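Step one of this worksheet: look at the structure below.
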Amino acid sequence: MIVGVVGKANVGKSTFFKASTLAEVEIANYPFATIKPNSGVGYIKVDCADKFFNKQCNPREGFCINHKRFVPVEMIDVAGLVPGAHEGKGMGNQFLDDLRQADVLIHVIDVSGSTNEKGEPIGPGKYDPADDIKFLEIELDMWYYGILKKGWEKFAKQVQQEKMDVAKALAKQLSGLKVDEDMIKDVTKNLKDIIPEKWTDDQLKDIAKQLRQITKPMIIACNKIDVQNATNNFTRLQNEFPDHMLIACSAESELALREAAKAELIKYTPGEDSFEMLKQDSLNEKQTKALEFIKDNILKKFGSTGVQQVLDDSVQKLLKYIAIFPGGVNKLEDQHGNTLPDCFLLPPNSTALDFAYRLHSDFGDNFIRAIDVKTKMTVGKEHLLKDGDVVEIISGK
């Protein structure tokens, strides 16, 4: 699972990334502060199964706070994109290629409208952030189209001459974008002509757009929500883009809270609507005012800084992934005595057999049955798992 963070330069993209991962990345007030993609680990917050058993878990990876499990996912932050990126402007081709392996994209925008199309700072409200949503989708769609179009005539002729399976051949050509045969069949099913040589340029662009939407679903992080004009812009964008998932956020606020929590100055759980002061005497006047501002103008007003919600919704609502815990009916602990040490994020419609393979190929190859640990019921390999399940796999080895 890879979460890609994308957007125009200077909208707070790297701040969002650092707030999500606490990685040491360069944050600067100019375009292309990020050249090479940054990578780090973010965390998806799920309900921990330990609450069901009235126990405290001991995660091997991630952490758990008040029965909220934070499951690690890989994140990448690519350099800011500019209009014409798919044509190579602003090193766009390189930056787009960095996104190939991403499963979902977080598009960070400056919702206050204080960053122009080139990524340059301007006064709040002087730029329409709706243009950023449109521009990035166009760049991604045209990037896919460029990959699809490259060598198209030769490919189409070969498919016709060798009577190749179109879906299989095209999926192989686009496998680097995580496109599979079922996706190709789905986006081409309504084409009147099944012969690729007869597909028009507009049809290819439409295919590229649909494949991009399937393989790179996108959530919009409306950053700088505390800046002048931001709230009004956010409401307008919600009305203008009803089919998009938009979340108000303040990456700077989240970063401040996480760093304060790391320094043990406050007690804070990412995604919550409050925090607790621990060492108020250690804070100077400026720090105290900053924390009070965040509490009054971000947390109370919006319910959270929005950063954790963006992460959670990108995986749980857009990708619809579910959290599954390995465990035993008679023993929830591993060999070291750790309770429910692991949690896996699986795609929707995952079966008990899928989970067995996720644990180890031997478990899948030698699958006998599975047990729903919460209900203690035995289930077969085709049993569909649901979010929060605890599953024991019985195999022949």
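Values quoted throughout were computed directly from the atomic coordinates according to the rules given, and no laboratory measurement underlies them. Everything numeric in this text was worked out from a predicted model, so none of it was measured. Methodologically, a virtual Cβ is constructed for each residue, glycine included, from the backbone with ideal geometry; neighbour enumeration extends over all protein chains shown.
Couplings for the stretch 189-205, taken from phi via the Karplus curve 6.51 cos²θ - 1.76 cosθ + 1.60 with θ = phi - 60°, read 5, 9, 6, 5, 9, 8, 8, x, 4, 9, 6, 7, 4, 5, 5, 5, 5 Hz in order; Gly and Pro are left as x.
Spacing of the modelled spin labels on Lys168 and Gln287, each 7 Å from Cα toward Cβ, amounts to 6.4 nm.
Rg and Dmax of the stretch 140-257, based on Cα coordinates, read 19.6, 62 Å.
Note that the stretch 124-173, at 4 °C in a medium of 1.567 mPa s, gets a Stokes-Einstein diffusion coefficient of 97 µm²/s from its Kirkwood radius over C-alpha pairs. Using the average count of surrounding beta-carbon atoms within 10 Å as a protection proxy, the listed peptides 255-262, 279-286, 196-203 rank, highest first, as 255-262, 196-203, 279-286.
Rounded to the nearest 5, the antiparallel percentage of DSSP beta bridges internal to the chain is 55%. In summary, the convex hull built on the alpha carbon positions of the stretch 143-208 has an orientation-averaged projected area of 4.0 nm². Max-minus-min Cα coordinates of the stretch 330-395 on each principal axis give 30, 24, 22 Å, with the largest extent listed first.
In the chain, helical runs assigned H by DSSP with n ≥ 4 each contribute -39500 (n - 2.57); averaged across all residues and rounded to the nearest 500, the mean residue ellipticity at 222 nm is -9500 deg cm²/dmol.
Computed over the Cα atoms of the chain, pair by distinct pair, the Kirkwood hydrodynamic radius stands at 23.1 angstrom. By the count of other C-beta atoms within 10 Å, a proxy for reagent exposure, Met75, Met142, Met245, Met377 are ordered fewest to most as Met377, Met245, Met142, Met75. Could you grab the relative contact order for the stretch 330-395? Cα pairs under 8 Å, six or more apart, rounded to a whole percent. 30 percent. Can you tell me which of Ile371, Ile147, Ile195 moves the most in a GNM of the chain? Springs connect C-alpha atoms under 10 Å apart. Sorting by GNM fluctuation, first place goes to Ile195.
So what is the relative contact order for the chain, in percent, with contacts set as C-alpha pairs under 8 Å and at least six apart? Normalised by residue count, the contact order of the chain is 17 percent. Note on the chain: GNM, Cα springs under 10 Å; of Glu153, Glu117, Glu162, the largest mean-square fluctuation is that of Glu162.
Taking all Cα pairs closer than 8 Å and separated by 6 or more residues, the relative contact order of the stretch 143-208 comes to 41 percent.
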